[in-house]
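Here is the structure we will look at, set down as structure tokens.
The values are calculated or read from the model by the stated rules, or taken from the named source; none is laboratory data. Because the structure is a prediction, the values reported are computed rather than measured. Cβ: placed from backbone, ideal geometry, glycine included. Neighbour counts: every protein chain shown. SASA here: full protein model, heavy atoms, side chains in, ligands and nucleic acids out. Shrake-Rupley method; radii C 1.70, N 1.55, O 1.52, S 1.80 Å.
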Amino acid sequence: MTRYLLNRLFQAIAVVWAIAVTVFVLLRLSPGDPATIRGGLDASPEVIESYAREFGTDRPIVDQFARFVGHAFTGDFGTSVRYGEPVTSVVGQALPHTLALGATALLLSVSIALAVGVAAARRPGSWIDAGSSVLAAAGQAMPTFWLGLVLIQVFSVQLGIFPSGGATGFSSLVLPATAVALAMVPTQLRVLRSSMRSTLGEDYVRTARSFGLRERRISYVYALRNASLPVLTVIGVDVGYLLGGVIVAEAVFNYPGIGQLAISALGTRDYPLIQALAIGSAAVFVLLNLLIDLLYAVVDPRVRVSG
Amino acid sequence: MAEIASSADGSRVVAARTHGPALGTLRALSWFRSRPRTFQLGCALLAAILLLSFGGPIVLGSDPSEQNLSDYLLAPSPAHPFGTDATGRDLLSRVLHGGRPSLVISTFGMLGSILLGLCVGMLAAFGGRMAQRVTGFVVDVQLALPYVLVAIVLVSVAGASIPLLVLMMVLAGWVQVGRVVRSIALRERSKDYVKAAAVVGASRARIARRYVLPSVLPVIVALAPLQMAAMLVIEATLSFLGMGVRPPQPSWGSIMLEGKNYIDSAWWLTTFPGLAIFLTALSLLLIGDGFERAEGGSLDRVQSIAADDQGENLAPVIAGRVEP
Amino acid sequence: MTSAPVLSVRGLRIEFPVGGDRLVAARDVSFELAGGECLAIVGESGSGKSVTCLGLLGLVPGQGRVVAGEVIFEGDDLLKLPFEGLRQVRGEKIAMIFQDPSSALNPLFTIERQIRDVLDVHKDWPAKRKRDRILEVLGAVGFPDPARRMKSYPHELSGGLRQRVAIALALACAPRIVIADEATTNLDVSVQAQIIELLVGLKDDLEFSVIFVTHDLALAQHIADRVMVMYAGHPVEVGPVAEVMANPAHPYTVGLLGSAPTGESHRAHRLAAIPGSIPDLRTIGAAAPFAGRCPVRVEGICDRVKPAWTSCGADHLVACHRYERDGREGTTWNR
Amino acid sequence: MEPVIGARDLEKQFAVRGFSGHVVPALRGVSLDVAPGEFVGLVGESGCGKSTLSRILIGVESATSGEVLHEGRPVETREEWASLRRDVQYVFQDPYGSLPPRMRIGDVLTDPLRIHGMRDRHERAARAIAMLQEVGMPASAMQRYPSAFSGGQRQRISIARALVLEPRVIICDEIVSGLDVSVQAQVLNLLLDLQASRGLGVLFISHDLRVIRYLCSRVCVMYLGEIVEEGAADELFADPQHPYTQGLLASSPDRAAPGQLAARVAGEPPSSSAALPACPFEPRCPRRGDVCAVEVPPEIRLGGHRALCHFPGAPATAQDARSPITDRA
């Protein structure tokens, strides 16, 4: 297990590294550079050159990358072109909002998937089973942003219960988190329902039943623990979709998080900011997946044994 | 195969494929009628949407970009069944036109992602150790990047265009296909029939193509509509974020982007294109589910296949298991 | 072995819906089980032997249902008991041991916890007493060093030890009947011999009755007092095991004995295989179940009429038209 | 007759994952020959290495050391393996996993011929159909998929696939253990018929002594990667020398008198990573002496029959053979 985790850690670092290189190179290949944009249309060559010197874009690309990596290790991702502040502090201001949104959405989606998925798997063919299929299909067919717009229309414009945007405490979190969560529910729900169904057909469930254990206990203790393993995998894989969903929701609800930053950074060729965001999201993915590996070991004793 | 066997001395072999094309159509028809009601509904819905998107504008004859400022933000009425937008354009005709880029991009995106995913998945399952490592790594890298962020980077590099959007669809979708394919192929590979083929002298490529691929294809068939539904949603999302097809060409997502500004006064601007996306994606999901049910599974199964993959990663450390 | 029956099953019928059809997995199964007795149910795959056992406790999987019959245990018909009542019988009065010890135990829980869960359901004992009971049953089945190793997980044990744990689980509440469903099939012969020895010993010490399901007639004679042979969902012959082995009356039993290798070379004795394979259970209908493969079937009768039980010796019954007509001579087709 | 396939001192070690660098021996110096027309039985319990051995013989796995012989010559190059596989084929245990689920039987049977260069497709089909009929299947099976057949029928088809290249020896790995007794007898008799009609040799791997006894003229008994006893079937079954063979025979339901199945072999094979004593059977042996743990047992010969044991010969009385062991468990 230790060896496995070390292996995974190496892999994780390699993934983040590869993403850093890719994004860095891609950005340098793109037309238009930050110095020109910062300088504006009628800036003199000298001004642009001085900006270029300031941003470091006048150096050879390998050199730029080396400097970037060197600084990144000390936690310095450069200065945002647009905001003129260190990227870390720009991101630092937006990050808590995004984390709150992402975590709430994840929690919400897992709760819904668990509640509905287990109930559906226990009673195949029942109304709750049919209802869970409708929920899954609707969640997959409905784009997050439209769901967000509908939520705004109903709960904000018509009913006025929740604010339509901004970050003003918990009430402003409800609608965007719901939109993101409902987009993630279908996969989790389907995977849980399917693994729960096959687990309920396992021999040891039959054994438990033959010894008179209560159905509720069999479902929620014996089977659910086994059935939750594939769902963990799905959550790990879907981190990217979660982040994607968060970015979209932020745009719909004018929520001041990472997503808003990313979209505005696009317009201004804010290299340092885009780089930091790409690397940051990769790091989140990698960390969450390591965490899930550890969770696996907690849930399944067969994984726990050291190799 | 039929004619080979019957022309050899096996006179008792039934020639199974002697029917003509007419009989084939009849068979397809009876197959269709034996599908679940939901599948038939999905097909009908999709056919209607395709017809309206590609044929509707011709019949209607109206120009989606024709502005008429006096018709500013009209609510749905017999003259404008879907209402009008802020520049007085007829929303119905815009929604009908807006289907084209969405459908084209998601179709090609689906095809591309399936093709790429199929290749990578088979390579991951049947390639050498190196190929497996590399593909695993590439998959991880792709998964670590949210597709929206990838789109942001790519649009900033190359500017939005239909080929680029298709490329982004492929990037957003191939991993899912690849993981499913790899998962099935690995499971099949561990079965004895693969060893049996090796024992009669079949090469690894031959085993992958002739023996294992037929087991992968049915799942691909069920996955394709699912994949296309996802593409449709992603395309709309990107358009909505302003990274989609350029105006004046409308697309469902970009119509909704404009509509967002009038959300508290003109509900129809976001509702109708939203419904269009929803119904199209839904029809695709119903079709995928119908295919999968023909194989005795369900969409649950298709989506769960790759989730068992974690078992592959952890297999070597599971207690007492010995690596040959 | 002469006491009143602890269990008496009459006319059990179990059906599974398949498409629009109904597949009859067990038809008209009747038997009695005396106290301390071991009854073997022998048959090949699809004979309905396992599903019959599951049916006794209302455990028929999936869409399957017990549609007729009664299962009398301690004065109650288990099939008519409310679910809670049936649940109380499961594990406490009638316990099961399943075929595959590696999948029959929950992989995520320790041995101790799995036995404790069974005790928790049925016994209102203090924790100390439960712990003692766990150690006691593990000791009884020859589980080494139970105090320490009861904390292990199933995957840490060998196949034989897992099956010992499964037996300990069955014994936890001191049941009156233990149903062993192919309990030794997946074990190596040397371990199988150990488990059989263990079961026989425990049965005699603790005085429970056993229903031993197997496909191996030769194995059945080592543990059982009586045997019921099943084919395609139907019981076809029932009697004392030695008597059935020595004087099989049903052509299927004859064929089963004839096709099992007996420890002789083919040069000395060629096996008489039964032609064909098990029929589709949906197609049997009113016919004698073995008619399709039977070398001595009575044309015109076997494929139309279900045979009734005929006595063919002391406590020995057979359901066969040929036997009814020609006696034992008529059914010994390959000797 | 000269053996078609043989093994000389095959060793196979599996590396255990982890820091320890443990290796676990699966085969420890196994030698074996199979001649055309000869039925050799390889019997042993799960984990004894019999399947590993068979897979090495056909080249699906490779040995750590030792050689596989084809007509007396070591097999090394790709071409030599290919030529071995024309002479030796393999039938797998699981009748459900060993046929490709989405290929017609006709394709399954003709594909090997195509791989081995038979160009004419009519010829291929004719050969496949002839093979099907030889194993007792109708030619109409060519058009159908494996799911249309029962376990016994699939095993016949697997045998037909193995025979379609006209090998002289086939290796049968537990091919009847998943089948019902009545069907098992059909398959066993089919093998005997093929021996008679084509002079086919078979290496028959099984855990069931009764089946081995029925089918084979020569028997190898395997325990933890070693052949501990080998000899002509009649001799070996009449007068087993190794206590493991004796234990297996006593545990086999038919041999003992009814009601007295003797669990003569205690415990179970050790888990793979444990260090083994000089004689690997020592911990479970009812006759073990002090020497067994420290000294590798000698090979004793009795006519055409050999065994690896310090204390060969007839078992001690049933009493002292049984009592100490059953309690150990």
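Give the average, rounded to an integer, of partner chain Cβ atoms located within 10 angstrom of each Cβ in D:111-117.
Whole-number average of other-chain Cβ neighbours for D:111-117 is 4.
Would you compute, for the Cα atoms of the range D:5-221, the largest minus smallest coordinate along each principal axis and list the three values in descending order, in whole Å?
54, 39, 36
How much accessible area is lost when chains A and B come together, counting both sides, with a 1.4 Å probe, in Å² rounded to the nearest 100?
5000 Å²
Using a 1.4 Å probe on the protein heavy atoms, what percent of the accessible area of the range A:96-266 belongs to carbon and sulfur?
Answer for the range A:96-266: carbon and sulfur cover 67 percent of the accessible area.
Could you tell me what fraction of 2.2 N^0.38 Å the Cα radius of gyration of the protein assembly as shown comes to, as a two-decimal ratio?
Against the empirical 2.2 N^0.38 Å value, I get 1.05 for the protein assembly as shown.
Considering chain D as a Gaussian network with a 10 Å cut-off on Cα pairs, which listed residue, D:Leu99, D:Leu53, D:Leu42, attains the greatest mean-square fluctuation?
D:Leu99
When each pair of different Cα atoms in the range B:37-321 is counted once in the 1/r mean, what is the Kirkwood radius in angstroms, to one decimal?
Result for the range B:37-321, one decimal place: 20.8 Å.
What total accessible surface area, summed over both chains, is buried at the interface between chains D and B, computed with a 1.4 Å probe and given in Å² to the nearest 100?
The buried area between D and B, both sides summed, comes to about 3300 Å².
Using a 1.4 angstrom probe on heavy atoms only, work out the carbon and sulfur share of the accessible area of the range D:97-223 in %.
Accessible surface attributable to carbon and sulfur in the range D:97-223 totals 42 percent.
Per 0.36 nm of contour for each residue apart, how much would the distance between A:Trp17 and A:Arg3 grow if the chain were fully extended, relative to their Cα-Cα spacing?
Fully extending the segment from A:Trp17 to A:Arg3 adds 2.9 nm.
Note down the relative contact order for the range D:5-221 as a percent, whole number, built from C-alpha pairs under 8 angstrom at least six residues apart.
It comes to 30 percent, rounded to a whole number.
Going by Cα centres, the range B:271-303 and the range B:167-231 are how many Å apart?
The distance from the Cα centre of the range B:271-303 to that of the range B:167-231 comes to 21 Å.
How large is ³J(HN,Hα), in whole Hz, for each residue of the range C:305-311 in order, when computed from phi with the Karplus curve 6.51 cos²θ - 1.76 cosθ + 1.60 and θ = phi - 60°, using x for Gly and Pro?
10, 6, x, 9, 6, 10, 6
Report the calculated FRET efficiency for A:Gln158 and A:Arg53 (r = Cβ-Cβ distance, R0 = 56 Å), to the nearest 0.05.
That gives a FRET efficiency of 0.55.
Rounded if a/c is under 1.5, else prolate if a/b beats b/c, else oblate: with a ≥ b ≥ c from the C-alpha gyration tensor eigenvalues square-rooted, which is chain A?
Oblate is the answer for chain A, as a/c is 1.5 or above yet b/c matches or exceeds a/b.
Per the 1.4 Å probe, what fraction of the accessible area of the range C:156-222, in percent, lies on carbon and sulfur atoms?
Within the range C:156-222, the accessible surface is 44 percent carbon and sulfur.
Counting only residues 5 or more places away or on other chains, whose amide H sits under 5 Å from the amide H of D:Ile170 once H atoms are built in the peptide plane?
Amide H neighbours of D:Ile170, under 5 Å, 5+ apart: D:Gln89, D:Gly201, D:Val202, D:Leu203.
Please give every one of the aspartates and glutamates within straight-line cross-link reach of B:Lys195, meaning a C-alpha to C-alpha distance under 16 Å, and leave out same-chain neighbours fewer than 8 residues apart.
Reachable aspartates and glutamates: D:Glu61, D:Asp94, D:Asp111, D:Asp173, D:Glu174.
Under a plain spin-label model, where a point goes 7 Å from the Cα along Cα-to-Cβ, how far apart in nm are C:Arg10 and D:Ala82?
7.3 nm
Hey, can you grab everything whose amide H is under 5 Å from the amide H of D:Tyr223? Only 5+ residues off in sequence or another chain; H modelled, so Pro and N-termini drop out.
D:Val228
Taking θ as phi - 60°, what are the ³J(HN,Hα) couplings along the range A:11-18 by the Karplus curve (6.51, -1.76, 1.60), each to the nearest whole Hz, with x for Gly and Pro?
Those phi angles translate into 4, 4, 4, 4, 4, 4, 4, 4 Hz.
From the mean inverse distance of alpha carbon pairs (Kirkwood) and the Cα radius of gyration, derive Rg over Rh for the range C:5-246.
Ratio of gyration radius to Kirkwood radius: 0.96.
Roughly how crowded by other chains is peptide A:6-13, in terms of the mean Cβ count from those chains within 10 Å of each of its Cβ atoms?
That works out to 1 on average.
For peptide D:185-197, compute the average count of partner chain beta-carbon atoms within 10 Å of each residue's beta-carbon.
3
State the dimensionless ratio Rg/Rh of the range B:150-276 (Rg: radius of gyration of Cα atoms; Rh: Kirkwood radius).
The Rg/Rh ratio comes out at 1.21.
Under 16 Å Cα to Cα from D:Lys12, which lysines show up? Leave out anything in the same chain fewer than 8 places away.
D:Lys50
Spelling out what I want: for every residue of the range B:23-36, take phi, set θ = phi - 60°, compute 6.51 cos²θ - 1.76 cosθ + 1.60 (Karplus), and round to whole Hz; glycine and proline get x.
5, x, 4, 4, 4, 4, 5, 6, 4, 4, 6, 8, 5, x
Given the C-alpha centroids of the range C:1-72 and the range C:238-254, what is the distance between them in whole angstrom?
Going from one Cα centre to the other spans 20 Å.
In Å², and per residue, what accessible area does the protein assembly as shown have when probed at 1.4 Å with the other protein chains present?
Result: 39 Å² per residue.
Among all the lysines, which ones have a C-alpha under 26 Å from C:Lys151's C-alpha, if same-chain residues fewer than 8 places away are not counted?
Within the straight-line limit of under 26 Å, C:Lys151 reaches these lysines: C:Lys123, C:Lys128, C:Lys130.
Given springs between every Cα pair under 10 Å in a Gaussian network model of chain A, which of A:Thr88, A:Thr207, A:Thr36 has the largest fluctuation?
So, out of A:Thr88, A:Thr207, A:Thr36, the one fluctuating most is A:Thr207.
Alpha carbon centre of the range A:221-268 versus the range A:95-114: separation in Å?
Each part reduced to its Cα centre gives a spacing of 8 Å.
For the pair C and D, how large is the buried accessible area, both sides, in square angstrom to the nearest 100, if the probe is 1.4 Å?
Looking at C and D, the buried total is near 3500 Å².
Where is the GNM fluctuation largest for chain C (alpha-carbon springs, 10 angstrom cutoff): C:Gln114, C:Gln194, C:Gln63?
Comparing C:Gln114, C:Gln194, C:Gln63 in the GNM, the peak value goes to C:Gln63.
Calculate the dipole size of the range C:5-246 relative to its Cα centre from +1 charges on Lys and Arg beta carbons and -1 charges on Asp and Glu beta carbons; express the result in debye to the nearest 20.
880 debye
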